[in-house]
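*Asks:* Here it is: the structure, laid out below.
The values are calculated or read from the model by the stated rules, or taken from the named source; none is laboratory data. The model shown is predicted, which means the values in this text are computed figures rather than measured ones. Cβ placement follows ideal geometry from the backbone for every residue including glycine, while neighbour counts extend to all protein chains displayed. Side chains are part of the model used for accessible areas, which takes the heavy atoms of the whole protein and leaves out ligands, DNA and RNA. Shrake-Rupley method; radii C 1.70, N 1.55, O 1.52, S 1.80 Å.
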Amino acid sequence: MNIQNIIDDLRLLRAKNNFIKKITEPFVGGMGARKQKRVIDKLKENFNKNGLNVLKYFDDILTENGYQYSLAFGTMLGAVREHGFIKHDADIDTFMWIEDRDSNLFCLLKNAGFRITHTYSVDNDSLGCEDTIEYEGVQIDIFYIYPPIIGRSHSYCCDFIVFSDCLTRMQSVRKHGGLLPRRIEIPIVKDLVRIPFETHSFPIIKNAHEFLSFRYGGNYMTPDPNWANGPNPYIIPWPEKVAIYKEY
């Protein structure tokens, strides 16, 4: 067991036992918080400096080569509501459709200087997948859209969380072989429109209003500092599946 595994296990024990939390605070708590803050600060610094140019570069590559994509989640919300990034954003969210994910796409991105940092895969990509790519210190998450599963009404993408007996991603990988996938079921069409975004324009799905209302509530055009990603009947854990995590 390496030092990171020991630290992960200590963090889990700290979460469950106040005495252990107290005696390990100088070693685990402070060090972890400082490290996390440095990572977040660097991501925000890179994003504020390069985010718009990186998104424009990504858009140029995909559009010129016939790939369809849409801004997604918070990035789409920012595009519709503020015609730019939301202030607290630190990365870029996009949708692509799983049938458009192929080896040529990654060749194009790599040749353009993008680096694939990590991927998540459910059943060898047949049921779920997410890629994260990076350029000039800015991360772009690509959420892939899948058809509805049998008995459900909406298409879905996946996100991935650690299992309940874990506190970190690598601890979840070590104990369970991966992460717990969740289906995010959403109303989404493949037809796109381009809308103004700061000094450029980018594509979003034509039913953006339906999607954003579904995801963030009908008052999504009004910023809500207290909005939280709480329980949602359309965010469905998939406990019988394990998402394989791979770093590059």
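*Asks:* If you count only protein heavy atoms with a 1.4 Å probe, what accessible area per residue comes out for segment 38-169, rounded to a whole Å²? Before the final figure, lay out the partial values.
*Replies:* Working: 5880 Å² over 132 residues.
Normalised by residue count, the accessible surface of segment 38-169 is 45 Å².
*Asks:* I've got another one for you. For q values of 0.10, 0.11, 0.13 Å⁻¹, compute log₁₀ I(q)/I(0) with the Debye formula on a Cα-only model of segment 87-231, without solvent.
*Replies:* Ignoring solvent entirely, the Cα scatterers give -0.42, -0.51, -0.73.
*Asks:* Using the alpha-carbon atoms, what tilt in degrees (0 to 90, nearest 10) does helix 3-16 show relative to the longest principal axis of the chain?
*Replies:* The angle comes out near 80 degrees.
*Asks:* I would also like to ask the following. Mind pulling the per residue volume of the convex hull built on the Cα atoms of the chain? Å³ is fine. Intermediate values should be presented prior to the final figure.
*Replies:* Numbers: hull volume 36.8 nm³, N = 248.
Cα-based convex hull of the chain, divided per residue, equals 148 Å³.
*Asks:* Something else: Please list 175-181, 229-235 highest first by mean number of surrounding beta-carbon atoms within 10 Å per residue. Intermediate results must be reported in sequence, preceding the final value.
*Replies:* Numbers: 175-181: 18.9, 229-235: 10.0.
Highest-to-lowest ranking by the protection proxy: 175-181, 229-235.
*Asks:* By the gyration tensor of its Cα atoms, with a ≥ b ≥ c the square roots of the eigenvalues, what is the shape of segment 120-199: rounded for a/c under 1.5, prolate for a/b over b/c, or oblate?
*Replies:* Since a/c reaches 1.5 but b/c is at least a/b, the shape of segment 120-199 is classed as oblate.
*Asks:* For segment 128-141, take each phi angle, set θ = phi - 60°, evaluate the Karplus expression 6.51 cos²θ - 1.76 cosθ + 1.60, and give the result in whole Hz per residue in order, putting x for glycine and proline.
*Replies:* Using θ = phi - 60°, the values come out as x, 6, 8, 10, 10, 10, 9, 8, 6, x, 10, 9, 10, 8 Hz.
*Asks:* Which percent of Cα pairs goes in each bin when the distances of segment 78-153 are cut into 5 angstrom slices starting at zero?
*Replies:* Per 5 Å bin, starting at zero, the Cα-Cα P(r) for segment 78-153 comes out as 3, 13, 20, 22, 17, 14, 8, 2, 0 percent.
*Asks:* Test of the criteria: in segment 190-248, which GluC sites (Glu not before Pro) are in a DSSP loop and have at most 13 other Cβ atoms within 10 angstrom of their Cβ?
*Replies:* GLU240
*Asks:* Between the helical axis of 73-82 and the dominant principal axis of the chain, each derived from Cα atoms, what acute angle in degrees is found, rounded to the nearest 10?
*Replies:* Taking Cα atoms only, the helix is inclined about 50 degrees.
*Asks:* About its Cα centre, how strong a charge dipole does segment 66-135 have in debye, to the nearest 20, once Lys and Arg get +1 and Asp and Glu get -1 at the Cβ? Present the calculation step by step, with values, prior to reporting the outcome.
*Replies:* Numbers: 5 positive and 12 negative charges, 55 e Å.
The dipole of segment 66-135 has a size of about 260 debye.
*Asks:* Karplus couplings for segment 188-202 from phi (6.51 cos²θ - 1.76 cosθ + 1.60, θ = phi - 60°), rounded to Hz, Gly and Pro as x?
*Replies:* Coupling constants for segment 188-202: 8, 10, 8, 6, 10, 9, 9, 10, x, 8, 6, 9, 10, 9, 9 Hz.
*Asks:* Can you tell me the order of 107-120, 127-140, 87-100 when each peptide is scored by its average per-residue count of other Cβ atoms within 10 angstrom, highest first? Numbers along the way, then the final one.
*Replies:* Values: 107-120: 14.8, 127-140: 19.9, 87-100: 17.9.
Put in order of decreasing packing, that is 127-140, 87-100, 107-120.
*Asks:* Continuing with this model, one more query. Would you mind checking the radius of gyration and Dmax of segment 159-248 based on alpha-carbon positions, in Å?
*Replies:* Both quantities, over Cα of segment 159-248: 17.1, 46 Å.
*Asks:* Shifting gears a bit: Taking a 26 Å limit on the Cα-Cα distance, which of the listed pairs LYS37/LYS87; LYS87/LYS190; LYS87/LYS241; LYS37/LYS110; LYS42/LYS87; LYS44/LYS110 fall beyond it?
*Replies:* Working: LYS37/LYS87 18 Å; LYS87/LYS190 28 Å; LYS87/LYS241 35 Å; LYS37/LYS110 29 Å; LYS42/LYS87 15 Å; LYS44/LYS110 23 Å.
Beyond 26 Å: LYS87/LYS190; LYS87/LYS241; LYS37/LYS110.
*Asks:* Considering only segment 108-171, what is the antiparallel percent among its DSSP beta bridges, to the nearest 5? Intermediate values should be presented prior to the final figure.
*Replies:* Numbers: 14 of 14 bridges.
Taking every DSSP beta bridge within segment 108-171, about 100 percent pair in antiparallel fashion.
*Asks:* While we're on this one: Expressed as an acute angle from 0 to 90° and rounded to the nearest 10, what is the orientation of the C-alpha long axis of helix 30-64 relative to the principal long axis of the chain?
*Replies:* 20
*Asks:* Counting only protein heavy atoms and using a 1.4 Å probe, what share of the accessible area of segment 144-248 belongs to carbon plus sulfur, as a whole percent?
*Replies:* Values: 3190 of 5680 Å².
The C+S portion of the solvent-accessible surface of segment 144-248 is 56 percent.
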